[in-house]
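Trainee: Here it is: the structure, laid out below.
The values are calculated or read from the model by the stated rules, or taken from the named source; none is laboratory data. Since this is a predicted model, take the numbers as computed values, not measurements. Please note: Cβ atoms are built from the backbone with ideal geometry, for glycine as well, and neighbour counts cover all protein chains shown. Heavy atoms of the whole protein, side chains included, go into the accessibility calculation; ligands, DNA and RNA do not. Shrake-Rupley method; radii C 1.70, N 1.55, O 1.52, S 1.80 Å.
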Amino acid sequence: MAANNRRMSGKKGAQVGSGGKRRRGLEGKGPTPPAEMRKGHAKQRAAAAKTRRAQGRPQARRGGGKSTAELVVGRNPVVEALREGVPASTLYVQQFIDNDERVREALQLAAERGGINLMEAPRPELDRMTNGLNHQGLVLQVPPYEYAHPEDLLDAAADEGEDPLVVALDGVTDPRNLGAVVRSVSAFGGHGVVVPERRSAGMTAGAWKTSAGTAARTPVARATNLTRALEQYKKAGVTVVGLAADGEVELGELEALDGPVVIVVGSEGKGLSRLVGETCDFRVRIPMPGGAESLNAGVAAGIVLYEAARRRS
């Protein structure tokens with residue numbers, strides 16, 4: 001019995017022990033620190049970037065520039081633009097115009113909104129302004145849109161104490177798609193939309209109409225170079241997620257949506273451009289059991305924004 005018992009083995013001299021190391025090893029390393037404190041984690045990078053911005057944020061940015069003024073031409077388009085709250089500076093009305101129901105409504109809407117100048121002009125002058133388009137005696141001038149700077153969207157999220165949720169459009173040229181994306185970003189708590197300066201839809205009257213007024217409270221930023229803007233977002237701790245039909249990750253498996261993220265949507269036909277696709281941290285696909293080959297930009301952005309909002313709630 002004694003031979004089977006180490007404590008009574010009968011050996012002489014000091015016994016070699018673990019020195020407490022075995023016991024300490026069993027104690028573990030304590031609870032896992034939160035994501036904001038784990039080195040290299042996306043949330044840790046975002047927290048560090050937020051601190052840097054808070055310490056050295058400039059009082060005013062140079063912005064993303066302005067678009068050119070735009071004219072809405074024709075009785076129905078003018079009335080629809082006024083109904084949808086498209087910004088307007090001047091309503092031109094042809095002299096001696098036939099005063100039908102649409103003309104009366106346009107004049108009434110302009111008067112009710114206030115801040116819109118009413119100008120009477122002869123037909124030759126309106127013909128000159130519109131380059132001979134069929135204006136039907138009504139022309140509405142839309143003032144230039146003031147774009148934000150891409151970094152302004154990060155600042156807006158930081159001011160609200162939220163992780164940035166931004167949509168960037170790559171090669172989307174239809175203003176109605178831009179307006180639809182702006183509307184979805186507003187609906188799901190996003191902080192804005194980024195568009196490239198060239199080969200992209202801008203905030204025209206058509207985009208304003210499709211946004212259903214949400215463009216008044218959801219900023220659209222314009223980037224001189226979209227790839228460079230995305231790289232700056234990555235340096236600030238934001239995960240860049242590109243939507244692609246052949247993406248390596250399925251939307252439901254993407255964990256990054258509950259943190260700081262920019263969702264990049266390409267055109268329906270060509271998808272993401274090569275450089276933008278290579279800049280993305282993840283290329284994500286939306287499962288489509290019905291077999292559709294692709295979704296337009298507005299629908300695709302809405303689906304991903306909904307998923308991001310659901311996880312953040």
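Trainee: Looking at this structure, is residue 247 out of contact with any Leu (no Cβ under 7 Å at 6 or more places or on another chain), part of a loop (DSSP other than H, G, I, E, B) and open to solvent by less than 20 Å² (accessible area, probe 1.4 Å)?
Mentor: On the way: out of contact with any Leu (no Cβ under 7 Å at 6 or more places or on another chain): yes; part of a loop (DSSP other than H, G, I, E, B): yes; open to solvent by less than 20 Å² (accessible area, probe 1.4 Å): yes.
So residue 247 passes the test.
Trainee: On the given criteria, is residue 132 out of contact with any strand residue (DSSP E or B) (no Cβ under 9 Å at 6 or more places or on another chain) and open to solvent by less than 10 Å² (accessible area, probe 1.4 Å)? Give the derivation first.
Mentor: Working: out of contact with any strand residue (DSSP E or B) (no Cβ under 9 Å at 6 or more places or on another chain): yes; open to solvent by less than 10 Å² (accessible area, probe 1.4 Å): no.
Spelling it out, it is not the case that residue 132 is out of contact with any strand residue (DSSP E or B) (no Cβ under 9 Å at 6 or more places or on another chain) and open to solvent by less than 10 Å² (accessible area, probe 1.4 Å).
Trainee: Here's something else I'd like to know. If you go through region 259-292 one residue at a time, how many are outside any loop (DSSP other than H, G, I, E, B) and either open to solvent by less than 70 Å² (accessible area, probe 1.4 Å) or not charged (D, E, K, R) (or both)? Show your work before the answer.
Mentor: Kept after step one, since they are outside any loop (DSSP other than H, G, I, E, B), are these residues of region 259-292: 261-267, 271, 274-279, 282-285.
Now drop any that are not either open to solvent by less than 70 Å² (accessible area, probe 1.4 Å) or not charged (D, E, K, R) (or both), which leaves 261-267, 271, 275-277, 279, 282-284.
Of the residues in that region, 15 qualify.
Trainee: Of these, 106, 157, 88, which one is in contact with an Asp or Glu (Cβ under 7 Å, 6 or more places away or on another chain) and either aromatic (Phe, Trp, Tyr) or buried (at least 20 other Cβ atoms within 10 Å of the Cβ) (or both)?
Mentor: Values: 106 fails: in contact with an Asp or Glu (Cβ under 7 Å, 6 or more places away or on another chain); 88 fails: in contact with an Asp or Glu (Cβ under 7 Å, 6 or more places away or on another chain).
After ruling out the rest, the residue left standing is 157.
Trainee: Would you please list the contacts, defined by Cβ atoms under 9 Å and residues six or more apart or on different chains, that run from a residue in region 209-228 that is without any contact (Cβ under 8 Å) to a residue 60 or more places away in the chain to a residue that is among the hydrophobic types (A, V, I, L, M, F, W, C) and part of a strand (DSSP E or B)?
Mentor: Cβ pairs passing all conditions: 218/193; 226/168; 226/169; 226/194; 226/195; 226/264.
Trainee: Go through (1) touching an Asp or Glu at 6+ places or on another chain (Cβ under 8 Å); (2) in contact (Cβ under 8 Å) with a residue 60 or more places away in the chain; (3) among the basic types (Lys, Arg) one by one and return the number of the condition residue 234 breaks.
Mentor: Only one criterion is unmet by residue 234, namely (2).
Trainee: Name the residue that is modelled with the lowest pLDDT, counting only residues in region 82-105 that are touching a strand residue (DSSP E or B) at 6+ places or on another chain (Cβ under 9 Å) and over 22 Å from residue 144 (Cβ atoms). Working first, answer last.
Mentor: Within region 82-105, the first condition is being touching a strand residue (DSSP E or B) at 6+ places or on another chain (Cβ under 9 Å), and the residues that meet it are 82, 86-95, 97, 102-103.
Then drop every residue that is not over 22 Å from residue 144 (Cβ atoms), which leaves 93-95, 97, 102-103.
Details: 93: 96, 94: 95, 95: 93, 97: 89, 102: 95, 103: 94.
Ranking the candidates gives 97 first.
Trainee: Another question, then. Could you look through region 109-129, keep only residues that are open to solvent by less than 70 Å² (accessible area, probe 1.4 Å) and not in a helix (DSSP H, G or I), and pick out the one that is farthest from residue 75 (Cα to Cα)?
Mentor: If we take residues in region 109-129 being open to solvent by less than 70 Å² (accessible area, probe 1.4 Å) and not in a helix (DSSP H, G or I), then 114 is farthest from residue 75 (Cα to Cα).
Trainee: Which residues, counting only those in region 200-213, are open to solvent by 10 Å² or more (accessible area, probe 1.4 Å) and either assigned to a helix (DSSP H, G or I) or not aliphatic (A, V, I, L, M) (or both)?
Mentor: If the condition is that a residue be open to solvent by 10 Å² or more (accessible area, probe 1.4 Å) and either assigned to a helix (DSSP H, G or I) or not aliphatic (A, V, I, L, M) (or both), then 200, 202, 204, 206, 208, 209, 210, 213 are the ones that fit.
Trainee: Moving on to the next point. Can you report the number of residues in region 139-154 which are buried (at least 24 other Cβ atoms within 10 Å of the Cβ) and either over 20 Å from residue 301 (Cα atoms) or not aliphatic (A, V, I, L, M) (or both)?
Mentor: Quick first cut of region 139-154, residues buried (at least 24 other Cβ atoms within 10 Å of the Cβ) only: 139-140, 150, 153-154.
Filter once more, keeping what is either over 20 Å from residue 301 (Cα atoms) or not aliphatic (A, V, I, L, M) (or both): 139-140, 150.
Matching residues across region 139-154 total 3.
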